[in-house]
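**Student:** Below you will find the structure I want to go over with you.
The values are calculated or read from the model by the stated rules, or taken from the named source; none is laboratory data. Everything numeric in this text was worked out from a predicted model, so none of it was measured. FYI the Cβ positions are ideal-geometry reconstructions off the backbone, even for glycines, and counts take in every protein chain you see. Side chains are part of the model used for accessible areas, which takes the heavy atoms of the whole protein and leaves out ligands, DNA and RNA. Shrake-Rupley method; radii C 1.70, N 1.55, O 1.52, S 1.80 Å.
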Amino acid sequence: MSDTHSLDALVQALRRLPGVGVKSASRMAFHLLQHDREGALALSRALQAAVDGVRHCTLCHTFTEAEVCDTCRDPRRDRSKLCVVETPADQSAVERTAAFRGLYFVLMGKLSPLDGIGPREIGLQRLFERATDGVVEEVILATNFTAEGEATAHVIGEALKARGLRVTRLARGVPAGSELEYVDLGTIAHAMVDRR
């Protein structure tokens with residue numbers, strides 16, 4: 001048995017983070033143990049508190065410590081608009097723009113039949129119930145522009161249109177400040193088709 005079992009377990013735990021390989025995980029573990037043991041303890045406490053206290057909002061499905069998140073409880077939000085995103089990180093990105101003042105529904109994923117992720121796994125029935133509550137007038141599909149995100153947006157869009165709702169999709173285009181020669185061809189093509 002290894003005399004560094006705890007260190008090996010820490011490296012393996014850090015490897016669970018996205019984009020962290022063996023080298024990065026080892027570097028983090030050695031740094032925490034050699035230079036920042038107090039930081040390691042703070043990280044441990046914060047992780048435990050988050051795992052114990054954070055759950056899903058009963059309305060929008062984002063992360064919260066309360067039954068209903070602050071956004072859903074905010075009376076200043078436009079309840080007629082519902083923005084559908086894949087993850088809480090996507091919701092946070094939309095919020096940081098300050099361009100949207102409606103409500104959200106967080107799928108916590110995207111349709112991916114090859115990975116066994118279907119409508120039930122991402123809570124589409126809950127989304128449909130929320131979107132057809134009689135208050136929502138427009139559903140904005142803000143899933144990512146990946147193959148799975150596009151497929152997810154298509155399935156949701158068709159189902160909601162069939163229920164009589166107005167469905168819109170985030171526009172795609174050339175990023176501000178970019179030069180056309182460096183923008184991928186798909187983005188340029190979509191920007192040309194969706195020009196206004």
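**Student:** Charges only on Cβ, +1 for Lys and Arg, -1 for Asp and Glu: so what's the dipole of the range 22-153 about the Cα centre, in debye to the nearest 20?
**Tutor:** 280 debye
**Student:** Within the chain, which whole H helices from DSSP have a Cα span along their axis of at least 20 Å and a mean Kyte-Doolittle hydropathy of -0.5 or more, if any?
**Tutor:** The answer, listed by residue number, is 37-53, 147-162.
**Student:** While we're looking at this one, here's another question. Under 5 Å between amide H atoms, partner at least 5 residues away or on a different chain: which partners does I117 have, H built in plane at 1.01 Å?
**Tutor:** S112
**Student:** Another one. From the protein chains alone at 1.4 Å, what is the descending order of accessible area for S24, S6, largest first?
**Tutor:** S6, S24
**Student:** Report the FRET efficiency, 1/(1 + (r/R0)^6), for L43 and V155, where r is their Cβ-Cβ distance and R0 is 41 Å, rounded to 0.05.
**Tutor:** Step by step, r from the Cβ atoms, then E = 0.60.
**Student:** Can you list the residues, at least 5 places off or on another chain, whose amide H is less than 5 Å from the amide H of F105, using H built in the peptide plane?
**Tutor:** C83, V84, V85
**Student:** State, to one decimal in nm, how far the label point of R76 lies from the label point of R120, with both points 7 Å from Cα in the Cβ direction.
**Tutor:** If labels sit at R76 and R120, their model points lie 4.2 nm apart.
**Student:** Read phi for every residue in the range 171-182 and hand back ³J(HN,Hα) as whole Hz from Karplus 6.51 cos²θ - 1.76 cosθ + 1.60, θ = phi - 60°, with x for Gly and Pro.
**Tutor:** The phi angles translate into 6, 10, x, 6, x, 4, x, 9, 9, 3, 5, 9 Hz.
**Student:** Any chance you could look up the accessible area of L10 with a 1.4 Å probe, heavy atoms only, rounded to 10 Å²?
**Tutor:** Its accessible surface works out to 50 Å², give or take rounding.
**Student:** If each of V20 and T97 carries a label point 7 Å out from its Cα toward its Cβ, how far apart are those two points in nm?
**Tutor:** For the pair V20/T97, the computed spacing is 3.0 nm.
**Student:** Per residue of the chain, what 222 nm ellipticity follows from adding -39500 (n - 2.57) for every DSSP H run with n ≥ 4, rounded to the nearest 500?
**Tutor:** After summing the helix terms and dividing by the residues of the chain, the value is -13500 deg cm²/dmol.
**Student:** Per residue, how many Å² of accessible area does the range 35-78 show with a 1.4 Å probe?
**Tutor:** 71 Å²
**Student:** Now, a different point. Take the Cβ-Cβ distance between H31 and T132 as r, set R0 to 45 Å, and report the resulting FRET efficiency rounded to the nearest 0.05.
**Tutor:** 0.35
**Student:** Label T168 and H190 with points 7 Å out from Cα along Cα→Cβ: what is the distance between them in nm?
**Tutor:** Those two pseudo-labels are separated by 1.7 nm.
**Student:** Name the chymotrypsin sites (Phe, Trp or Tyr not before Pro) in the range 78-167 that are in a loop by DSSP and that have at most 15 other C-beta atoms within 10 Å, would you?
**Tutor:** Of the chymotrypsin sites (Phe, Trp or Tyr not before Pro), the ones in loops of the range 78-167 whose Cβ has at most 15 other Cβ atoms within 10 Å are F145.
**Student:** Next question. For the chain, what's the relative contact order in percent, using C-alpha pairs closer than 8 Å and at least 6 residues apart?
**Tutor:** For the chain, the relative contact order is 13 percent.
**Student:** Take every DSSP beta bridge whose two residues both sit in the chain, then give the antiparallel share in percent to the nearest 5.
**Tutor:** Among the beta bridges of the chain, antiparallel pairing accounts for roughly 20 percent.
**Student:** What are the semi-axes of the equivalent ellipsoid of the chain, taken as the square roots of 5 times the eigenvalues of the Cα gyration tensor, listed largest first and rounded to whole Å?
**Tutor:** 37, 24, 17
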